[in-house]
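Down below is the structure, laid out as structure tokens.
The values are calculated or read from the model by the stated rules, or taken from the named source; none is laboratory data. These figures come from a predicted structure and were not determined experimentally. Cβ coordinates were reconstructed from backbone atoms using ideal geometry, including for glycine residues, and neighbour counts include every protein chain displayed.
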Amino acid sequence: MWEYIIYSAIAPILSSLGTALFMRRRNKIETERMKVDLDAAKAAAKSADASGDVNVMEMYKKVYEDLSVTLKAEYDKMVEKQSSLDDSIQKLSKEVKRLEMAIKSVSRCRYKKSCPVTRELEKAKKDEM
């Protein structure tokens, strides 16, 4: 019974932490992809016909402005996601600390010898060895 309660409390925490780390990595990859696209656009603008310098400059400015707006919007989204993930990580850390304190307090319980939580903790120690 207590094992189920402990596992049901820890499982969502670990799952959320894993999701937060995955989202952080995915956002970094998207940023790198956008940087590569910007570099490709710059290279395309440079390789344009030299006789149409005015057209090349206009095209370059347009590409730069479009990419700047896109990158700024994506960056703002990622900052917002990052903030949300950081908040989630802080909440999960607090929850883990709270559970650790609850488990540590079992040793002070007057029903320690018959407590199912104590038995499960001892069982977990034996399984680790």
Starting from residues that are at pLDDT below 70 and of a type outside the set (Gly, Ala, Ser), keep the ones in segment 1-16 and report whichever is surrounded by the most Cβ atoms within 10 Å (Cβ to Cβ).
6
Could you list, in sequence order, the residues of segment 62-110 that are among the basic types (Lys, Arg) and in contact with a helix residue (DSSP H, G or I) (Cβ under 9 Å, 6 or more places away or on another chain)?
77, 81, 91
So, in segment 50-106, how many residues would count as being basic (Lys, Arg) and farther than 30 Å from residue 28 by Cα?
2
Segment 104-117: number of residues that are modelled with pLDDT of 80 or more, surrounded by 11 or more Cβ atoms within 10 Å (Cβ to Cβ) and of a type outside the set (A, V, I, L, M, F, W, C)
1
